[in-house]
Every structure is written in C-alpha cells, then in structure tokens.
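Before I ask anything, here is the structure I am working with.
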Amino acid sequence: MFISGDEMLVIDHSDIKTNNKKRIIKLLSMERELTKLDISRKLDISIPTVTTIVGELMEEGLVEEAGMANSTGGRKPMIIRFLPDSRYSIGIDLGRDYIRAVLTNLDSKILKDKTCELNVISETEVLSVIKRLIEEVIAEENVKDKLLGIGLSLPGTVNEEDLKLEVATNFRLRNISFKELYSHFNLPIYLENEANAGALAESKLGIAKDLSNLIYISITEGIGGGIFINNYMYKGKDRRAGEIGHMCIAKDGRQCNCGRRGCWETYASNRALIKSYNEKSGSMIKHVDEILKRYKAEDKIAVEVVDEYLDNLAEGIQSLLFIFNPDYIIIGGEISKHSDIFSEKLSKIILRNNEFYSEGDVHILFSRLGEDSNILGASLIPILDSYGFTNINIK
Ligand SMILES: [Zn+2]
C-alpha cells in the first residue's frame, strides 16, 4: 500500500461523497463535538450534504447526537459527537522472541495488550500464536463486529498484496504467508515492515506529527529505516527501500546475517551493543537496558562500549543526512528510552568534522512512542484505510 495520509483523487460523484464523508469523520475526530452548521462552514460542504452524511454516520454508530448547542437565534442546533470506541483495530508486532497483540480504538489508544514469548520461531508457530492472541483479544473485549482489520508489523521485506513476509534475515524466516489469517478471521489483513510501521506511527501520532520529510531509524535486533518524503512513504521499486541496516560502514568488517560484511547493524543494533559488552566484560547480559544502566553508573567497560557504539551509530546517521537532508531523523526502539544519557553526545559526534551541517541544522529526535511505535503503526493501517484519518490524542 502506498500510504498518503488523507489525500485522494476525486474522480466522480460517489468519490466526492466518500471524500466528504472521510473529511467529516476526520474533522469530528479532531474537534469531538460540532453542529452540522459548524461542519458545513469549516469544510465548505452544503448543509443538506452534511445532514445526509451525518445521518449515515449515526446509523453506522460512529457519531451520536449529544444535546443542543446554544442558539445563535432561531432553533437550537443539535451537537454531533464523535465516538472513538465505535470501531477498533488490532495491531501485531512480531519480535525475535515474542509476539505482541494490541487492540486500539479510533484514537489509537491501547485498550488491550497481550504478549506471548516464543522459544522457536517457525511459520506454524508464528501463525498459531498470532491466531490465538487475536482470538483472545476479540473474545475478552467482545469486539468482533466492530473490528476494521488487523495490521502486522514484521521484521523484513514484506509483500502486502500477496500477504507475505518474504525475507527476514535476522529471523531466518522466508516466504511466510499470512493469507490464512484472512480466511480465518474474515477481516482485512495488512502487512507492513516494522520500520515503515514505526515511521507511520511517528508521522501520524508521535513527535514528528505533520512533518513531511523524516527518516525513522528502527533499532531492534537489526536496523531498519522508514522513509517519508513529502508525506509519502517511499518504499522503492520492489518495496526493498529502507534496508539501511545493511549499508556498509566498514569494508571487510564484521560478518552480517545477510552474508555481507561491515553492515551498519553489525555495529549499531541492540544485538551489536550486547555482543560487544558481553565479549569485553565476560558477562551474559541479554538486554540493552542493563548496559545503559551500567553506563549511567559509570561502569568502565559499559562507558567504553557505549561510546564506541555511539560512534558507529553516528557513522550511519551521517550518511542518511547526506542522502536525504530530512526535517528530522527519529531514532526508535529500546534505546530511545535512554536518550537522556546520550542524545547530546550523539549530536556532537555527528557534527564532528562535518563541513555540511552545523549545530541547529540537524534535528535528531528519539521516539516518544518507544516500544509501542511499530505496533501502533500496524494498528493504524486498518483505520487509515477505512477512514483516512488518525486521531492525535493518544495516551
Ligand atoms: Zn547485512
């Protein structure tokens, strides 16, 4: 899918009506309560058309009448109220050793959150756990009739039309088909690469809301990139764009799972950081949080390893700046929780010996959606596809 926010091509009258309907829902989702006259004035749509569309929306349960507004002379007008819990969406996040499922409403508020840890990752295991989690969410919240669809955030190259995860080098998974979910749940299924899903969430809900040019760097087991140019998510000819984790930063460097050497993610992913620390300290730490805690406590090896890690992270970011010159670069993933300790240092390294950029030119932000960004992006896709809007009030 080529996601373009809420713009659409108007071709004939039914398209105009659909477009007006989407504009009215979007406006109501932002303003929450409006009279028909307010809607008509704000969107420049005639009162009879607004009345027809609002009637349809009421029948569909998306809005309700909420009492009378003060009169400006004449009859008191009825207030129309948006109902964020009138529809729901399900987001799935496939991680290296877990599958997470969330239920969100039209405000992208997480209403149900379930995680299942995985020991073995195989096609059958992945599909059966996803099915079980979704079934549990649907049964516990009794939302079957109000679901718009299921969005999946996946760690690799995704074919949205064929509903396939084609390649996931860090998971040793290939050609997993998710078509079965469609027949099982009889709901629209949407697949998205995890970095694209994260970029979508940041651009619609997060700190980069309404920015037209941004590069989202998803740092997990590997590194992926979501590229938004002039409000369009750029995916490339075969949807393979954004594999920024496999940019070479050291010729003949560390061995990568993709078969090449010196890829950025072998130096700047979570796995790279954990591996360097464990090798130097002889520890068996499994989580980046622990290393960053030790870094804060000025543990000598942690400081050495994290400083080296930041140098490597900066190396890739510099290349991205040179290529894209974006409004913002957003760093997502677990390390974004610890930005307080290294954000300044990282900016300094990026600007060191950099003739093209100076302070103030480079905006590097850390995701505030944190670990939720990929999964929120996934659950947004069914909402965007149905109504073309996303609400801004999250959490
Ligand atoms: Zn690689």
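So is Leu133 under 21 Å from the mean Cα position of the chain (by Cα), more than 20 Å from Asn374 (Cα to Cα) and either among the acidic types (Asp, Glu) or surrounded by fewer than 22 Cβ atoms within 10 Å (Cβ to Cβ) (or both) or not?
Values: under 21 Å from the mean Cα position of the chain (by Cα): yes; more than 20 Å from Asn374 (Cα to Cα): no; either among the acidic types (Asp, Glu) or surrounded by fewer than 22 Cβ atoms within 10 Å (Cβ to Cβ) (or both): yes.
Judged against the criteria, Leu133 is not a match.
Quick grid of which residues meet (1) over 19 Å from Glu371 (Cβ atoms); (2) within 33 Å of the chain's Cα centre (by Cα); (3) not assigned by TED's automatic domain parsing to the domain that holds Val158:
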| residue | (1), (2), (3) |
| --- | --- |
| Ile45 | yes, yes, yes |
| Leu62 | yes, yes, yes |
| Ala66 | yes, no, yes |
| Leu94 | no, yes, no |
| Ile99 | no, yes, no |
| Thr104 | no, yes, no |
| Thr124 | yes, yes, no |
| Val129 | no, yes, no |
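Okay, next question. Looking at the range 12-31, is at least one residue part of a strand (DSSP E or B) and surrounded by 14 or more Cβ atoms within 10 Å (Cβ to Cβ)? Write out each step before concluding.
Within the range 12-31, the first condition is being part of a strand (DSSP E or B), and the residues that meet it are none.
No, because not a single residue in the range 12-31 is part of a strand (DSSP E or B) and surrounded by 14 or more Cβ atoms within 10 Å (Cβ to Cβ).
Working carefully through the options Lys337, Lys296, Lys280, find the one that is at pLDDT below 90 and either more than 16 Å from the ligand (Cβ to nearest atom) or surrounded by 15 or more Cβ atoms within 10 Å (Cβ to Cβ) (or both). If you could, list the steps in order and put the result at the bottom.
Details: Lys296 fails: at pLDDT below 90; Lys280 fails: at pLDDT below 90.
Unique residue meeting the criteria: Lys337.
So, in the range 221-233, of the ones that are outside any loop (DSSP other than H, G, I, E, B) and more than 16 Å from the ligand (Cβ to nearest atom), which residue ends up farthest from the chain's Cα centre (by Cα)?
Step one: list which residues in the range 221-233 are outside any loop (DSSP other than H, G, I, E, B), which gives 223-229, 232-233.
Among the residues that remain, those that are also more than 16 Å from the ligand (Cβ to nearest atom) are: 226-229, 232-233.
On the way: Gly226: 9, Ile227: 12, Phe228: 12, Ile229: 16, Tyr232: 14, Met233: 12 Å.
Out of the qualifying residues, it is Ile229.
Every residue, every condition in (1) away from the ligand (no atom under 16 Å from the Cβ); (2) within 26 Å of the chain's Cα centre (by Cα), yes or no:
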{"position": "Arg239", "(1), (2)": "yes, yes"}
{"position": "Gln255", "(1), (2)": "no, no"}
{"position": "Gly262", "(1), (2)": "no, no"}
{"position": "Ser276", "(1), (2)": "yes, no"}
{"position": "Lys286", "(1), (2)": "yes, yes"}
{"position": "Val303", "(1), (2)": "yes, no"}
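Looking only at the range 139-170, how many residues end up being crowded, with 20+ Cβ neighbours inside 10 Å, away from the ligand (no atom under 16 Å from the Cβ) and β-branched (Val, Ile, Thr)?
Counting residues in the range 139-170 that are crowded, with 20+ Cβ neighbours inside 10 Å, away from the ligand (no atom under 16 Å from the Cβ) and β-branched (Val, Ile, Thr) gives 2.
Taking the condition of being charged (D, E, K, R), touching a strand residue (DSSP E or B) at 6+ places or on another chain (Cβ under 6 Å) and farther than 15 Å from Tyr88 by Cβ, how many residues in the range 111-166 meet it?
At the first step, the residues of the range 111-166 found to be charged (D, E, K, R) are 112-114, 117, 123, 125, 131-132, 135-136, 140-141, 144-146, 160-162, 164, 166.
Cutting the leftovers down to touching a strand residue (DSSP E or B) at 6+ places or on another chain (Cβ under 6 Å) gives us 112-114, 117, 123, 141, 146, 160, 164, 166.
Next, only the ones that are farther than 15 Å from Tyr88 by Cβ stay: 117, 123, 160, 164, 166.
Summing the residues that are charged (D, E, K, R), touching a strand residue (DSSP E or B) at 6+ places or on another chain (Cβ under 6 Å) and farther than 15 Å from Tyr88 by Cβ in the range 111-166 gives 5.
If Ala195 satisfies all but one of (1) among the small types (Gly, Ala, Ser); (2) within 25 Å of Glu334 (Cβ to Cβ); (3) more than 16 Å from the ligand (Cβ to nearest atom), what's the number of the condition it fails?
(3)
So that you can scan it fast, the table gives a plain yes or no per residue for (1) in contact with a Gly (Cβ under 8 Å, 6 or more places away or on another chain); (2) at positive phi; (3) part of a helix (DSSP H, G or I):
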{"residue": "Lys235", "(1), (2), (3)": "yes, no, no"}
{"residue": "Asp238", "(1), (2), (3)": "no, no, no"}
{"residue": "Lys251", "(1), (2), (3)": "yes, no, no"}
{"residue": "Gly259", "(1), (2), (3)": "no, yes, no"}
{"residue": "Arg271", "(1), (2), (3)": "yes, no, yes"}
{"residue": "Tyr277", "(1), (2), (3)": "no, no, yes"}
{"residue": "Lys280", "(1), (2), (3)": "no, no, yes"}
{"residue": "Ile285", "(1), (2), (3)": "no, no, no"}
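Yes/no per residue for (1) of a type in the set (Val, Ile, Thr); (2) surrounded by 16 or more Cβ atoms within 10 Å (Cβ to Cβ); (3) free of Cβ contacts under 8 Å to residues at least 60 places away in the same chain; (4) closer than 17 Å to Lys345 by Cβ:
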{"position": "Lys286", "(1), (2), (3), (4)": "no, no, yes, no"}
{"position": "Ile291", "(1), (2), (3), (4)": "yes, yes, yes, yes"}
{"position": "Glu304", "(1), (2), (3), (4)": "no, no, yes, yes"}
{"position": "Asp307", "(1), (2), (3), (4)": "no, no, yes, yes"}
{"position": "Glu315", "(1), (2), (3), (4)": "no, yes, no, yes"}
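Looking at the range 179-228 only, could you name the residues that are buried (at least 24 other Cβ atoms within 10 Å of the Cβ) and of a type in the set (Val, Ile, Thr)?
The answer is Ile215, Ile217, Ile219, Thr220, Ile223.
Give me the pairs: first residue in the range 239-252 and without any contact (Cβ under 8 Å) to a residue 24 or more places away in the chain, second residue more than 13 Å from the ligand (Cβ to nearest atom), beta-carbon distance under 6 Å, and six or more apart or on different chains, which are they?
Ala241/Tyr234; Ala241/Lys235
Got at least one residue in the range 310-328 being more than 28 Å from the chain's Cα centre (by Cα) and either part of a helix (DSSP H, G or I) or outside the structural domain of Ser347 (by TED's automatic domain parsing) (or both)? Lay out the reasoning, then the answer.
From the range 310-328, those more than 28 Å from the chain's Cα centre (by Cα) are none; that's our starting set.
The answer is no, given that none of the residues of the range 310-328 is more than 28 Å from the chain's Cα centre (by Cα) and either part of a helix (DSSP H, G or I) or outside the structural domain of Ser347 (by TED's automatic domain parsing) (or both).
More than 16 Å from the ligand (Cβ to nearest atom), in contact with a Lys or Arg (Cβ under 8 Å, 6 or more places away or on another chain) and either farther than 16 Å from Ala378 by Cα or not small (Gly, Ala, Ser) (or both): is that true of Tyr88 in this structure?
yes
The values are calculated or read from the model by the stated rules, or taken from the named source; none is laboratory data. Note that this is a predicted model, so its numbers are computed, not measured. Cβ sites come from the backbone with ideal geometry, for glycine too, and all protein chains shown count toward neighbours.
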